[in-house]
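Read through the structure below, which is laid out as structure tokens, and then see the notes.
The values are calculated or read from the model by the stated rules, or taken from the named source; none is laboratory data. Just so it is clear, the structure is predicted and the values come from calculations on it, not from any experiment. FYI the Cβ positions are ideal-geometry reconstructions off the backbone, even for glycines, and counts take in every protein chain you see. Surface accessibility is based on the protein's heavy atoms, side chains included, excluding ligands, DNA and RNA. Shrake-Rupley method; radii C 1.70, N 1.55, O 1.52, S 1.80 Å.
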Amino acid sequence: MASLKALKMRITSVKSTQKITKAMKMVAAAKLRRAQEAAEAARPYSERMASVMASLGATVQVGPESPRLLAGTGKDQVHLLVIASSERGLAGGFNTNIARLARKKMESLLAAGKTVKLLFVGKKARAPFMRTHKELIIGYLDQSHIKNVAFADAKVIADEVTTRYEAGEFDVAHLFFARFRSALVQEPTEIQIIPAALPALGTTDVAVAKDAVPAAVEYEPDEEAILAELLPRNLAVQVFRALLENAASEQGSRMTAMDNATRNAGDMINKLTITYNRTRQAAITKELIEIISGAEAL
Amino acid sequence: MADLLNFELVSPERLLSSGQVAMVVVPGSEGDFGVLPGHAPMMSTIRPGAISIYEADSNTLTRRIFVDGGFAEVNDKGLTILAESATPVTDLDPARIAVDLVAARAAKDEVAIARFEAMQAAIVN
């Protein structure tokens, strides 16, 4: 059995761990609230954008003349996986889940004979791929300097992807992130960002309302020009949303993980305290027996 | 019908302003256009410039907001402007812009030059 001193030290150490996890939980909870607010504040723009895209999608015919962001390269050979994760660990299964989903997709693409390239946003999902598929990684965008996600940050990522697309580095791009359902549930999600999928008219509430009054919309300059300008913006908006959802998911996941850790530490302290008390009593009993048997022997 | 137009100015980060106004003049990429209540549906790109908002009636200009370009959509529900960034013209600092403009000219950054020139024009008017 461990000595009393050793037990006491264990208990102290677990207690300080518990303090840390508790503090991390509180910090995550505060950050989660802010991240959720940011995600909600961003909703009007992306909803409007989706409805504009929807009404454009209804009028513009996708053909070889269409912008390449919409029409694609006509090939389906090289796939780019953009994997957004966090810069910090200790967030439960958050990063692992995103990485697992991405890995599944990567393996199915590789099995189908496609070429896969990986672009990482945030370093945490990169580590497992570094070990196994280092040659597929084409880039990593450091997010560690960013405290609150701004649209400009999303734009940097979108520009990077677009530049690589224009340079013909890939044909199809997928974005991986964790959709925020609640503080307890975060869903790793995959969306195709290039070629852009035009939402069908009627998929958004705004568009439904507009459906009721069909009107001839005047375009200035014209549909194609607007679309050409809208597509890169739409891409940035999608990335931005993904980053915001990711930020909220990360904090939610960390909060849950740290809550569990705090509880586990509490259980462990209880168990250790019981062992400590028993050991202490055993020692006292032993001393008493020694004294009594000593006295009896006289 | 009501004589007011539903106007919304949205940036990717948040809804900047939303309300009922009398008229809005938008710097479209092919020329400024005014939007009054009951305007026909249209969609236009915006060049960097100031949006003029006439809140009470269409003769008194109440607010001017500088936007960096974006989209304007008019539908039966009103006018929506999607802008990447927006600053009230009164918050623009002429001295700062002049400095930035010189820097942009030196760097031959066409986009930035156009942007700062548009800012200057917005302040003068």
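Enter the Cα centre distance for the pair the range B:45-105 and the range B:4-31, rounded to the nearest angstrom.
9 Å
Mean separation of Cα pairs under 8 Å and 6+ residues apart, divided by the residue count of the range A:36-166: what relative contact order is that in percent?
Here the relative contact order equals 21 percent.
Let me check against my output: what whole-number percent is the relative contact order of chain A, with C-alpha pairs under 8 Å and at least 6 apart?
32 percent
Among DSSP beta bridges whose residues both lie in chain A, state the antiparallel percentage, nearest 5.
35 percent
Counting only protein heavy atoms, what percent of the accessible surface of chain A is carbon or sulfur at a 1.4 Å probe?
About 56 percent, which is the carbon plus sulfur part of the accessible surface.
List the aspartates and glutamates whose alpha-carbon lies under 15 Å from that of A:LYS25, not counting same-chain residues fewer than 8 positions away?
A:GLU250, A:ASP259
Relative to the longest principal Cα axis of chain B, at what angle does helix B:110-124 sit, 0 to 90 degrees, rounded to 10?
So the inclination is approximately 60 degrees.
Roughly how large is the B-A contact in terms of buried accessible area, totalled over both chains, probe 1.4 Å, nearest 100 Å²?
2400 Å²
Using the Cα centre as the reference, give the magnitude of the dipole from point charges on the C-beta atoms of the protein assembly as shown (Lys, Arg: +1; Asp, Glu: -1; all else neutral), rounded to the nearest 20 debye.
Roughly 3420 debye for the protein assembly as shown.
Using label points projected 7 Å from each Cα along Cα→Cβ, tell me how many nm separate A:LYS75 and B:ILE123, to one decimal.
Label-label distance for A:LYS75 and B:ILE123, simple model: 5.0 nm.
Would you list, by chain and number, the lysines whose Cα falls below 16 Å from the Cα of A:LYS8, excluding same-chain residues fewer than 8 positions away?
A:LYS271
Given A:ILE98, A:VAL78, A:LEU109, which one lies farthest toward the positive end of the charge dipole of the range A:63-109, if we put +1 on the Cβ of every Lys and Arg and -1 on the Cβ of every Asp and Glu?
Positive-most Cα among the choices belongs to A:ILE98.
Between A:SER182 and A:LEU141, what is the label-to-label distance in nm when each label sits 7 Å out along the Cα-to-Cβ direction?
Once both label points are built, they end up 3.2 nm from each other.
Cut-off 20 Å, label point 7 angstrom out along Cα-to-Cβ of A:LEU90: give me the residues of the range A:22-49 whose amide nitrogen falls inside.
A:22-35
Could you grab the relative contact order for chain B? Cα pairs under 8 Å, six or more apart, rounded to a whole percent.
22 percent
Give the aspartates and glutamates whose C-alpha is closer than 15 Å to that of A:LYS155, dropping any in the same chain fewer than 8 places away, or say none.
Qualifying aspartates and glutamates at Cα under 15 Å: A:ASP142, A:GLU229, B:GLU13, B:ASP68, B:GLU84.
About the Cα centre of the range A:1-92, how large is the charge dipole given +1 on each Lys and Arg Cβ and -1 on each Asp and Glu Cβ? Please answer in debye to the nearest 20.
The calculation lands at about 1160 debye.
So which GluC sites (Glu not before Pro) in the range A:47-144 pass both tests, a DSSP loop state and at most 15 other Cβ atoms within 10 Å of the Cβ?
Qualifying residues, ordered by number: A:GLU65, A:GLU87.
Nearest 20 debye, what's the magnitude of the dipole of the range A:55-141 about its Cα centre given +1 on Lys and Arg Cβ and -1 on Asp and Glu Cβ?
Charge dipole of the range A:55-141: 420 debye, to the nearest 20.
How many Cβ atoms of partner chains, on average, are near each residue of B:7-16 if near means within 10 Å of its Cβ?
6
Only helical DSSP H runs with n ≥ 4 go in: add -39500 (n - 2.57) per run for the protein assembly as shown, normalise by residue count and round the 222 nm mean residue ellipticity to 500 deg cm²/dmol.
-17500 deg cm²/dmol
Using Cα centres only, tell me the gap between the range A:101-124 and the range A:1-47 in whole Å.
32 Å
How many Å³ per residue does the convex hull of the Cα positions in chain B occupy?
Normalising the Cα hull of chain B by residue number yields 102 Å³.
Can you give the Rg to Rh ratio of the protein assembly as shown, both from alpha-carbon atoms, with Rh computed by the Kirkwood formula?
Ratio of gyration radius to Kirkwood radius for the protein assembly as shown: 1.16.
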